[in-house]
Structure formats: structure tokens, C-alpha cells
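Enquirer: Take this structure, written in C-alpha cells, and hold onto it; I'll ask about it next.
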Amino acid sequence: MKYAHIVGWGSYRPDKILTNSDLARMVDTSDEWIFTRTGIRERRIASERETTATLAFEAAARALVVADIHPSQVDLIIVATSTPEYIFPSTACLVQDYLGATRAGAFDLSAACSGFVYGLSLAAQSIQSGAVHNAVVIGAETMSRVLDWEDRGTCILFGDGAGAVVLKGSSVPGGVMASTLRSDGSGGDMLSLPAVYHNPMPMLGPEYLHNGHKKNTVEMNGRQVFRFATQVVADSVEETVLKAGLTMDDVALIVPHQANVRIIETAAKRLRVPVERFYMNVDSMGNTSAASIPIALCDAVGDGRLRPDDNVVFVGFGGGLTWAASVVKWDVTPPQVSFIDHEWKRVRYVMARGRSRLRRLSRRVEAAVARSSNGHEGDDE
Ligand code: ACO
């Protein structure tokens with residue numbers, strides 16, 4: 001039996017900070033309203049040059065340094081995101097190229113804010129089945145690009161960022177112990193973001209393609225989402241902890257999707273677990289959707305909140321509706337990476353981009369040669 005251990009983790013947050021006071025200059029709101037209703041003080045916003053793929057790449061590169069795995073050894077890359085650059089190529093393929101992960105399969109996963117936990121569970125099962133030896137699971141979002149900045153009900157909630165973990169197979173018991181994945185499409189209209197909106201077929205009309213949306217931005221019924229979230233966080237944590245053969249007393253830390261402090265406090269009450277056992281960084285990051293759990297995990301490790309042999313629970317919930325939880329035994333101490341080693345490891349990504357450009361160029365040359373030889377064949381005829 002193979003076990004899938006988390007052996008690397010990394011996160012990336014854009015430099016630009018947008019505070020509640022900044023928002024109060026954009027829409028009719030206040031720092032006090034936002035903070036008391038959500039626990040959010042500020043969030044990060046991607047720069048013009050940053051995309052979901054560049055954020056994801058930064059997080060993955062950091063996680064691979066901690067894991068001490070060369071990108072060419074990576075078997076699988078999963079990017080959980082609701083804000084891909086394209087439907088295809090997937091953001092995961094762009095990350096694969098930036099990393100130079102030449103042997104990896106890569107795909108995006110769409111499960112909104114539950115996407116990271118879905119990806120973790122799928123990657124762990126791929127390792128446990130022997131299909132792959134390792135996998136990089138990334139949650140990455142540029143939510144700022146899909147918000148209606150005039151809608152004070154949604155634009156105050158979200159932010160940008162990325163987090164990643166590296167999973168590796170081992171015969172040592174531990175790692176991802178149990179997962180629960182759930183969905184309820186009947187609640188899809190509570191929280192939605194249209195994807196297909198270009199070139200509407202004239203006979204269908206724009207209403208069809210916009211699914212009733214006024215714009216191509218996030219729409220949400222906050223109160224309904226709140227009720228749904230508090231229910232499923234508690235239920236899915238309990239179910240997954242039981243599946244792992246543990247009790248809530250065995251759980252050292254719960255890293256929930258960082259949507260709202262009040263959702264987490266209500267879930268803690270339902271679970272009868274002190275709220276201090278939930279890790280929160282929503283105050284400084286806002287809701288980064290699929291990226292929020294891996295970013296919070298990295299911050300929790302940085303804050304010394306996880307020790308070897310601790311049981312940690314990840315729990316996500318969001319659009320779909322989807323929800324998911326995983327129990328992980330945190331049992332691998334990362335190697336100490338020196339500054340020089342770290343910098344040297346980053347050089348390989350520059351080299352990977354160089355190789356990628358060369359491959360693109362050689363494809364163009366091949367195509368030009370093929371065109372010109374076809375032309376000559378045509379001349380012969
Ligand atoms: N500033 C000031 N007033 C506001 C703002 C704002 N930013 N937004 C709404 N209001 C007003 C409303 O207009 C309303 O005014 P009214 O009473 O005059 O009509 C009043 O505040 C109350 O509005 P509600 O929407 O009922 O406020 P509520 O207490 O429910 O708080 C909130 C709203 C914070 C969005 C809450 O419902 C919530 O947190 N829901 C969960 C949302 C969430 O976490 N979504 C993401 C989860 S899934 C995922 O991550 C994709």
C-alpha cells in the first residue's frame with residue numbers, strides 16, 4: 001500500500017494591497033462594515049503583468065524547492081482555479097511549461113473554492129493506486145479580474161493569490177488519510193460566474209449565454225451561501241475525521257476555506273471545537289477561492305502551528321455547490337534549503353523558459369520548411 005505524503009508547500013501573494021479603506025473610496029462601504037461582517041481587513045490584487053498561471057507557477061516553484069524534487073521528475077500537475085487564462089490551454093499546461101516539468105500530465109480542476117481539496121484527494125488517490133509517484137496540486141486565482149467593482153456585496157470579499165503542495169508516494173503510513181467530496185448542483189445559482197459569453201448564437205439571444213447574469217462577473221446570494229457553508233463545514237469535517245479512524249480530539253488544526261470569520265466561528269460552535277483550532281488568515285488575504293486553503297496552510301506552517309505527527313483537516317466549500325474535506329497526517333520535516341541552493345534551483349526555471357522558446361521556434365521552422373516543401377511539390381505537379 002502506498003501513502004501520499006505532503007512533502008512540499010509554497011505560496012505566492014501579489015505585492016499590491018487593497019485595504020477596506022481603499023474600497024470605501026470605490027463603493028458605498030466602510031472598513032467597520034466589512035471587518036465586522038467578514039473579518040477581512042485587506043486583500044492582494046494581481047498586477048497587470050501577473051496572471052493565474054504566473055501566480056500558480058511561483059507557488060509551485062517554491063513548493064518544489066521545499067520538496068527537493070526537480071521539475072523534470074514531476075508526474076502530475078493539477079491547478080484548481082475558477083479564473084483560468086483560457087479554457088484551453090489549461091492553466092496547468094502553462095504552469096507545466098514555465099516549470100519545465102517535461103514528463104508531467106497537467107489539467108485544471110473546476111470546483112470553485114473546494115477545488116484545492118478535490119485536487120488533493122484526486123492526486124493522493126493517483127499516488128496510492130501506483131499510477132504516479134508524485135503530484136503538484138495548486139490552487140490559484142485572480143478573482144479581481146471577475147468581480148463587478150461596483151457591487152459592494154461581492155467586490156469586498158475576494159482577493160488574488162496562489163498556494164501549492166507537492167505530494168509524494170511512500171510506504172511509510174501517513175499523509176492523506178481520508179477525503180470526502182460532495183456536490184449539490186441544485187444550489188448552483190447561489191454563487192456563479194459565467195464562462196462562455198463570446199459570439200452568442202443569434203437565435204439563442206444573450207440571456208441564454210449569460211444564464212441570467214447581468215455581466216460576466218461573480219454573482220452571489222450571500223445569506224444563502226452563509227447558511228450552506230456553516231452546515232457543510234461541520235458535517236464534512238466530522239464525516240472525514242470519522243473515515244480516517246480519528247475523533248475531533250485527535251485533530252491538531254483545521255485549515256478551512258478562508259471566506260469569512262463568522263462562517264468559521266459558526267462551524268466551530270457546531271463542531272464543539274475551540275475556534276483557536278481553526279487557522280485563519282482571511283484578515284490579510286480576503287477570500288482567494290481555490291487558493292485560500294494552500295495559502296493558509298503555508299502561513300500555518302510559517303507560524304509554527306503544525307508539528308510532525310499532527311493531524312490536520314482541510315475543508316473547502318463554494319460554488320457548484322461543492323464541498324470537500326481531507327484529513328492529513330503532517331509527518332514530513334522539510335529539508336533545510338540554503339539561500340544559494342534556493343537561488344540555483346530558480347535558475348532552472350529560467351532555463352526551462354529558454355527551452356520552451358526553443359521548442360516553439362523549432363515548431364515554427366518545421367512548419368515553414370513543410371510549407372515551402374509542399375509549395376515545391378505543388379510546382380512539380
Ligand atoms: N458595505 C455596506 N453595506 C453593505 C455591503 C457593504 N459592502 N454589502 C451589503 N451591504 C448592505 C446591504 O445592501 C443590506 O442593506 P439593506 O439592509 O439596506 O438592504 C445590508 O448591508 C445587509 O446585507 P446582507 O447581504 O443581508 O448582509 P449580510 O449580513 O448577509 O452580510 C455577507 C453579507 C458578508 C456577504 C454575508 O452574507 C456572507 O459572508 N456570506 C457568505 C459569503 C461568502 O463567504 N461567499 C463566498 C463563499 S464560497 C466562495 O468562496 C466562492
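Enquirer: Could we say that V301 is assigned by TED's automatic domain parsing to the domain that holds V172 and not basic (K, R) here?
Expert: yes
Enquirer: Within segment 21-49, work out how many residues are surrounded by 19 or more Cβ atoms within 10 Å (Cβ to Cβ) and in contact with a Pro (Cβ under 9 Å, 6 or more places away or on another chain).
Expert: The qualifying residues number 3.
Enquirer: Taking segment 16-55, which residues are in a loop (DSSP other than H, G, I, E, B), closer than 15 Å to D160 by Cα and within 16 Å of the ligand (Cβ to nearest atom)?
Expert: I40, R41 - these are the residues of segment 16-55 that are in a loop (DSSP other than H, G, I, E, B), closer than 15 Å to D160 by Cα and within 16 Å of the ligand (Cβ to nearest atom).
Enquirer: Still on this model: Tell me, yes or no, whether segment 174-191 has at least one residue that is in a loop (DSSP other than H, G, I, E, B), more than 18 Å from A80 (Cα to Cα), at pLDDT 85 or above and within 16 Å of the ligand (Cβ to nearest atom). Lay out the reasoning, then the answer.
Expert: Taking segment 174-191 as the starting set, the residues that turn out to be in a loop (DSSP other than H, G, I, E, B) are 174, 184.
Then drop every residue that is not more than 18 Å from A80 (Cα to Cα), which leaves 174, 184.
Restricting the remaining residues to those that are at pLDDT 85 or above gives 174, 184.
The next check asks that each one be within 16 Å of the ligand (Cβ to nearest atom); those that pass are 184.
There is at least one residue in segment 174-191 that is in a loop (DSSP other than H, G, I, E, B), more than 18 Å from A80 (Cα to Cα), at pLDDT 85 or above and within 16 Å of the ligand (Cβ to nearest atom).
Enquirer: Just a yes or no: is a residue in segment 278-289 in contact with a helix residue (DSSP H, G or I) (Cβ under 7 Å, 6 or more places away or on another chain), hydroxyl-bearing (S, T, Y) and closer than 18 Å to L181 by Cα?
Expert: Taking segment 278-289 first, the residues in contact with a helix residue (DSSP H, G or I) (Cβ under 7 Å, 6 or more places away or on another chain) are 278-282, 285, 288-289.
Narrowing further to those that are hydroxyl-bearing (S, T, Y): 279, 288-289.
Pick out the ones that are also closer than 18 Å to L181 by Cα and you get 289.
Taking every residue of segment 278-289 in turn, at least one turns out to be in contact with a helix residue (DSSP H, G or I) (Cβ under 7 Å, 6 or more places away or on another chain), hydroxyl-bearing (S, T, Y) and closer than 18 Å to L181 by Cα.
Enquirer: Would you mind finding the one in R262, R277, R227, R223 that is modelled with pLDDT of 95 or more, out of contact with any strand residue (DSSP E or B) (no Cβ under 8 Å at 6 or more places or on another chain) and surrounded by fewer than 17 Cβ atoms within 10 Å (Cβ to Cβ)?
Expert: R262
Enquirer: If only one of V301, V261, V251, V313 is away from the ligand (no atom under 14 Å from the Cβ), over 15 Å from M177 (Cα atoms) and touching a residue at least 60 places away in the same chain (Cβ under 8 Å), which one is it?
Expert: The conditions single out V301.
The values are calculated or read from the model by the stated rules, or taken from the named source; none is laboratory data. Fair warning: this is a prediction, and the values are worked out from it, not measured in the lab. With ideal geometry, Cβ positions are generated from the backbone for all residues, glycine too; neighbour counts draw on all protein chains shown.
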